[in-house]
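Working notes, structure below.
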Amino acid sequence: MQYTGVLKKMKSENYKPVQYYLNFKDSFIVLNQLIDKTISITFKTYECLNCHKDKKIFRQGYCYDCFYQAPEVGDWVMKPELSQAHLDKEDRNLEFEKKVQLQPHIVYLSNTGSVKVGVTRKTQVPYRWIDQGAHEAIVVLETPNRYLAGVAEVALKNHVSDKTKWRSMLKNDIEDLNLKDIKNRLREFLPDETQKYFEENADEFNIEFPVKQYPQKVKSLNLTKSKDYKGKLKGIKGQYLIFEDQTVFNVRSHSGFVVDFNLS
């Protein structure tokens, strides 16, 4: 059976284990059902997620022009501390920026091979943690806007990483940490303006992923270099498909790629 469509971030549902879906325009695939089955992926062309034109993808599923024009990928997205909607200042589209920035945000710690700090909208919990491949996470703060969450994250980045150790995560080379203790130790480093948003009673959140075999040595599939791939799916973690031959495929990083997806 063959499906053709534009790759985007996999959708997920927080079951035990996590349930994953690949959504195309006219169909969707329940990926958990494909574990232990052979699938093939063939790169056909590009389709920008914003203008929908056949233009080479620059970053995050957007062509070059759209990446520097679309409000969904303004600098404040990757750097929340640059948010200015609370000041009524526009970056690219103030209406959009207010909608996204002026809502509750979470500063969190997650364990993706080692502890990291991050920011997400409250509505994205726990899906942000699932996307990262975190097997455990905890809320540190809940702020009323993105700017305050970003200010807190910047302060905590001086003491814990803000990067995912994706190779360790994929190999399941992880250790269980007491995130609550780490969170409490970090509290003193939070800026005064964010202290009142500290979540005293938040508990650790645990996530189980559908993986039957972890790779010992990670080999990344890049469809711009290898346009065809075929392998037996052994698991899904974060935004990665994990195959029997230790190949891993980052679906999200291939957003905007039009592919044929074949099931044997």
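Nothing in this text is a laboratory measurement; each read-out follows from the coordinates by a stated rule. All values derive from a computational prediction rather than experimental measurement. Cβ sites come from the backbone with ideal geometry, for glycine too, and all protein chains shown count toward neighbours.
See the values below:
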item	result
Scope the range 177-225; condition farther than 30 Å from Phe257 by Cα and of a type in the set (A, V, I, L, M); matching residues	Leu177, Leu179, Ile182, Leu186, Leu190, Ala202
Flag for Arg167 being assigned to a helix (DSSP H, G or I), farther than 20 Å from Asn14 by Cα and touching a residue at least 12 places away in the same chain (Cβ under 8 Å)	yes
Within the range 34-85, tally of residues that are within 24 Å of Val119 (Cβ to Cβ) and not hydrophobic (A, V, I, L, M, F, W, C)	16
Selected residue (criterion: surrounded by the most Cβ atoms within 10 Å (Cβ to Cβ)) from residues of the range 1-17 that are within 14 Å of the chain's Cα centre (by Cα) and assigned to a loop (DSSP other than H, G, I, E, B)	Met10
Out of Leu233, Leu186, Leu177, sole residue that is part of a loop (DSSP other than H, G, I, E, B) and not hydroxyl-bearing (Ser, Thr, Tyr)	Leu177
Elements of type strands (runs of 3 or more DSSP E) contained in the range 58-153, each with 3 or more residues being touching a Lys or Arg at 6+ places or on another chain (Cβ under 8 Å) and free of Cβ contacts under 8 Å to residues at least 12 places away in the same chain	none
Residues of the range 213-239 satisfying the condition of being touching a Leu at 6+ places or on another chain (Cβ under 7 Å) and under 25 Å from Asp54 (Cα atoms)	Tyr229
